[in-house]
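Below: the structure, in structure tokens.
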Amino acid sequence: MGKMYGGGHRLKEGELKDNSSADFFACLAHSLFEGKHSATYKFGFLKSLLDNLFSSEKGDDGLFYLDLRTIASTFVTIYWNAVVLYDIPQMPMTSEGKTSGIARVFKDMLSANPLLKAPFESLRTDVKIEAMKKAYPVFKENVIGAFYYDTEGLIYGFSKKENCLWLNQNSMDFLSHHKSLIDQVNYYEWLKMCEKILKEHGLEPIPYLSTKLEEITKRVNLQPFKEALERDCGGNNICFYCGKPLRKGEGELDHVIPWSFIKSDPEWNFVFACRSCNNGKRDAIPSTEYLDLVQKRNERFNLGNHDMRALARIAAYNGVKTGWKPKKG
Ligand SMILES: [Zn+2]
């Protein structure tokens with residue numbers, strides 16, 4: 001056996017190795033196709049990492065930092081929806097009928113209160129916090145180090161003590177430029193593993209399994225973001241795109257770079273739009289004049305200086321439609 005698989009669980013931290021000449025595709029393929037999968041954790045983790053990629057913060061050292069708790073909260077959401085909401089088993093059961101650590105935590109919560117069989121997003125805040133509190137140690141213990149080990153430290157470094165993970169420009173470029181492709185391949189391997197687990201245990205096939213798995217990252221209620229944007233940028237009296245006056249409460253939140261691509265809700269990516277523009281734009285990126293306006297708005301209101309044109313180029317590279325403009329008149 002050449003490479004070792006499936007180690008790294010107990011690593012407390014991992015350095016990001018020199019990846020200037022790394023073959024990232026080979027590295028991912030190694031983890032997704034050959035790595036040892038005792039549970040579906042790695043798929044859930046890779047998805048959570050991709051969903052939070054554009055919420056990373058670039059440090060003065062040129063590295064991109066992500067809070068492990070942010071990644072874990074996405075992980076907890078998708079795992080909850082998979083295990084509790086859709087009953088998709090995520091780990092081969094042992095002879096004693098045990099399931100994976102995180103699934104067990106959630107199942108225990110569910111047996112104490114059957115009303116929790118609901119989308120994670122719709123749970124009460126205290127329940128969400130309880131789920132996170134119970135799952136985070138397992139996430140730290142079993143998830144972060146395993147994927148790091150499989151990818152030989154070439155994609156990210158991490159510190160459990162500092163609760164953070166970091167990428168460099170090379171690994172960031174790779175993941176963001178191939179985000180949609182990696183996302184899809186990850187789903188496919190994840191799906192195959194779920195089917196294998198169902199089959200091994202003689203369980204009934206789950207109808208619409210792929211759809212359910214793809215829908216475990218859900219759009220959340222945007223009301224809190226709406227309130228934050230109104231507070232931070234002062235009012236929403238005209239549509240950002242067509243300039244139509246909006247009555248109070250009439251404005252809809254639009255993800256400038258579509259949600260379908262970034263899968264997260266950072267404030268710097270929101271504008272108020274009228275219903276007609278919001279519906280017309282759908283999953284497209286607006287033309288550069290609007291990207292520049294968003295960037296200026298973000299600078300003016302201290303929402304960070306994300307390079308909107310660069311993000312739009314990355315999204316376009318991933319197949320997102322570009323150049324949307326509102327209908328005039
Ligand atoms: Zn409009």
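Here, each number is a calculation from the coordinates, and none is a lab measurement. Being a predicted model, the structure only gives us computed values, none of them experimental. Positions of Cβ are generated from backbone atoms using ideal geometry, with glycine treated the same way; all protein chains shown enter the neighbour counts.
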With springs connecting C-alpha atoms under 10 Å apart, model the chain as a Gaussian network and identify which of Gly14, Gly44, Gly62 has the largest mean-square fluctuation. Gly62
Where a Cα-Cα gap under 15 Å defines reach, which aspartates and glutamates qualify for Lys36, not counting those fewer than 8 residues away within the same chain? Asp150, Glu152, Glu189
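Lys and Arg at +1, Asp and Glu at -1: add these up for the other residues within a Cβ distance under 12 Å of Lys281 and post the number. Please list the in-between numbers first.
On the way: positive: Arg275, Arg282, Lys321, Lys325, Lys327; negative: Glu252, Asp254, Asp283.
Counting the neighbours of Lys281, the net charge comes to +2.
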Based only on Cα atoms, what mean projected area does the convex hull of the stretch 44-146 have, in nm²? 7.5 nm²
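If you take the Cα atoms of the stretch 13-214, find Rg, then find the Kirkwood Rh from the mean of 1/r over all pairs, what is Rg/Rh?
Values: Rg = 16.9 Å, Rh = 17.5 Å.
Ratio of gyration radius to Kirkwood radius for the stretch 13-214: 0.96.
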Trypsin sites (Lys or Arg not before Pro) within the stretch 71-167: which are DSSP loop residues with at most 15 other Cβ atoms inside 10 Å? Lys98, Lys117, Arg124, Lys161
With only helices counted (DSSP H, runs n ≥ 4, each -39500 (n - 2.57)), the per-residue ellipticity at 222 nm for the chain, to the nearest 500, works out to -13500 deg cm²/dmol
The stretch 223-324: spread of alpha-carbon positions along the three principal axes, whole Å, largest first, is 37, 28, 23
Need one number: the % of Cα-Cα pairs in the stretch 236-284 sitting beyond the 13 Å mark. 51 percent
Give the span of the stretch 131-247's Cα atoms along each principal axis, as three whole-Å numbers ordered largest to smallest. 59, 40, 33
